[in-house]
Amino acid sequence: MKDQTRPLPVPTPETAHFWEGTRQGELRLQRCVHCAHVYFPPRPFCPKCSSAEIEKFAASGRASLYSYVISQRSIPGFEAPYAIAVVQLEEGPRMMTNIVGCAQTPEALRLDMPLEVAFAKQSEEITLPLFKPSEA
Amino acid sequence: MKRSRAAVVGAAETTQLGVIPNMSQVQLHADATLNAVRDAGISISDIDGIATAGESPESLAHYLGITPTWIDATGVGGCSFLMHVRHATAAIEAGLCGTVLITHGESGRSGIAAAGFPVPIQGSLLQQFETPYGTTGPATMFTVPVLRYLQRYGLGEDVLAEVAVVQREWAAKNPRATFKNPISVDDVMNSRMISYPFRLLMCCLVTDGGGALVLTSADRAKDFDRPVYIVGTGESVETPMVSQMEDFTTSRAFRVSGREAFKSAGISHADVDHLMLYDAFAHLPLYGLEDLGFCKPGEAAAFIRERNTAPGGKLPMNTNGGGLSYMHSGMYGMYALQESVRQVRGIAAAQVPDVRISVAHGVGGMFAASSTIVFSKDGV
């Protein structure tokens, strides 16, 4: 993938900690102190119980492949075929990502395969959490 | 069945469908409107409420010469027009307006003064947490949940092809359908891969067109020719981010909207003679049949394979050919409504015998929103 030209996220006050985390090699999630719900994407309150008493923590980075498609059309930053994946994090939430270190084929991309986060620096500000097949 | 408060008394699509290079988006709205108003036998000056999506209500009012006292610009994508029917029914019942015009027009193919597919707001959660991973629009977003669905129920990719094949059978009966030639499962499976597991013939068309509806109260509707009564409605939303759906094998918005519509109509599934399930991609009828309760989870593919939704089947579905074969301008919901109305009136190209109740069910965004309308021939 030619990562230089892919569209990059524009952080907001509510998500700055997430992107600061990826810069430092941490996948930061939020947990509600009140009801223990772990959630993503970031918000300064719990989307389950609305409590503003929440804490940030570094996730394990372990995940499994939940679903994906393989796009057949190259776009800036992406050489086709490339998979757009959703991974299930060990802590519960799911997130969209790309799978690296793995052929972009249905044979190589098996649902539920174990994955681990692979931080990919895109710019001084933005490091994206991509995922690769787990080595364990 | 519960008492109906409002009815469709005028319904029409644009004069042409497909490729309309000589009309801008707003003119597609106007062309459909003039056809629908003529169908109702009223004049534009009788309209006091307007609802539309994709085009602003003020540009629509100005262009058509309407001075409305009630406006709905709910814009949640393709099912917006179904929501407009629901909201207009409530507004008519509340006495906010008497005659409502709902319009759709989209230069989806020719792109003449067209709104186009919405670009995510910079810094929105969608832009931060989905766009960076190479999404290019519906073909790479709407499709993301399906592998999980297929795996959960032990189904192959060919079930998506079977949806397209059956809908083409309906399209073959419809002179206005874009694609009418019969296709086989092999044809679909061998068509060009777009976004695995979706091949070209599992994806909707991209066309130009429009449609319009005229609604009034059920009491006034008795004075019109072939009124189609609105007896049940539902709506809901879930999330603009497909990656954040609660469950990739079922749509919460579909379930909530469908349940509301059936409950408010006071009907059971056995009462439904005809069904329209918005099919931007071939997996949507599978989710729709299950989430509306016509099939148990995981059984919709077999239900379609056993020809229950095909011509001659017990639940004729997407009888215009659907977004896969009839037309799909981008926000298809209006065409699902139009076909339901035609079937209840008894004037569809592929007319199902004696349709008394038709259900139209739509989706907006990528499983982001949903709305369901129950139409009846009987005013109750």
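Only the coordinates and a few stated rules stand behind these numbers; no lab work does. Given the structure is predicted, the values throughout are model-derived calculations rather than measurements. Cβ placement follows ideal geometry from the backbone for every residue including glycine, while neighbour counts extend to all protein chains displayed.
Conditions tested, residue by residue: (1) outside any loop (DSSP other than H, G, I, E, B); (2) surrounded by 14 or more Cβ atoms within 10 Å (Cβ to Cβ).
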residue	(1), (2)
A:P42	no, yes
A:C46	no, yes
A:S50	no, no
A:E55	yes, no
A:S60	no, no
A:S64	yes, yes
A:Y68	yes, yes
A:A83	yes, yes
| remark: Among (1) under 21 Å from B:A261 (Cβ atoms); (2) among the hydrophobic types (A, V, I, L, M, F, W, C); (3) surrounded by 24 or more Cβ atoms within 10 Å (Cβ to Cβ), B:V352 falls short only on (3)
| message | I'd like to know if the stretch A:107-118 contains one or more residues that are at the interface with chain B (Cβ under 8 Å from one of its Cβ atoms) and touching a Pro at 6+ places or on another chain (Cβ under 8 Å). | response | no
| field | Qualifying residues in the stretch B:165-206 (those that are within 14 Å of another protein chain (Cβ to nearest Cβ) and aliphatic (A, V, I, L, M)) - the one nearest to B:I347 (Cα to Cα) | value | B:M202
| request: Go through the stretch B:246-281 and count every residue that is more than 30 Å from A:V87 (Cβ to Cβ), out of contact with any Leu (no Cβ under 9 Å at 6 or more places or on another chain) and of a type outside the set (K, R). | output: 8
| Which numbered condition B:I92 fails, given (1) surrounded by fewer than 24 Cβ atoms within 10 Å (Cβ to Cβ); (2) over 21 Å from the mean Cα position of the chain (by Cα) | (1)
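Suppose we filter B:A51, B:A114 for residues that are more than 14 Å from every other protein chain (Cβ to nearest Cβ) and part of a loop (DSSP other than H, G, I, E, B); which single one remains?
B:A114
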| request: Hey, can you tell me all the residues within the stretch A:1-18 that are surrounded by 15 or more Cβ atoms within 10 Å (Cβ to Cβ) and in contact with an Asp or Glu (Cβ under 7 Å, 6 or more places away or on another chain)? | output: A:M1
| field | Only listed residue being surrounded by 19 or more Cβ atoms within 10 Å (Cβ to Cβ) and under 19 Å from B:G362 (Cβ atoms), chosen from B:R109, B:R86 | value | B:R86
| Flag if B:F179 is in contact with a Lys or Arg (Cβ under 6 Å, 6 or more places away or on another chain) and among the aromatic types (F, W, Y) | no
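What do you reckon, is B:P316 in contact (Cβ under 8 Å) with a residue 40 or more places away in the chain, crowded, with 24+ Cβ neighbours inside 10 Å and not hydrophobic (A, V, I, L, M, F, W, C)?
yes
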| message | Suppose the filter is small (G, A, S), under 30 Å from A:Y39 (Cβ atoms) and either in a strand (DSSP E or B) or in contact with a strand residue (DSSP E or B) (Cβ under 6 Å, 6 or more places away or on another chain) (or both); does B:A261 pass it? | response | no
| message | Looking at the stretch A:94-102, can you tell me whether even one residue there is away from every other protein chain (no Cβ under 14 Å), more than 22 Å from B:T249 (Cα to Cα) and more than 14 Å from the chain's Cα centre (by Cα)? | response | yes
| note | In the stretch A:43-83, residues that are touching a residue at least 60 places away in the same chain (Cβ under 8 Å), within 14 Å of chain B (Cβ to nearest Cβ) and not hydrophobic (A, V, I, L, M, F, W, C) total 4
| message | I'd like the full set of residues that are at the interface with chain A (Cβ under 7 Å from one of its Cβ atoms), over 20 Å from B:C203 (Cβ atoms) and in contact (Cβ under 8 Å) with a residue 24 or more places away in the chain, limited to the stretch B:117-153. | response | B:L125, B:F129
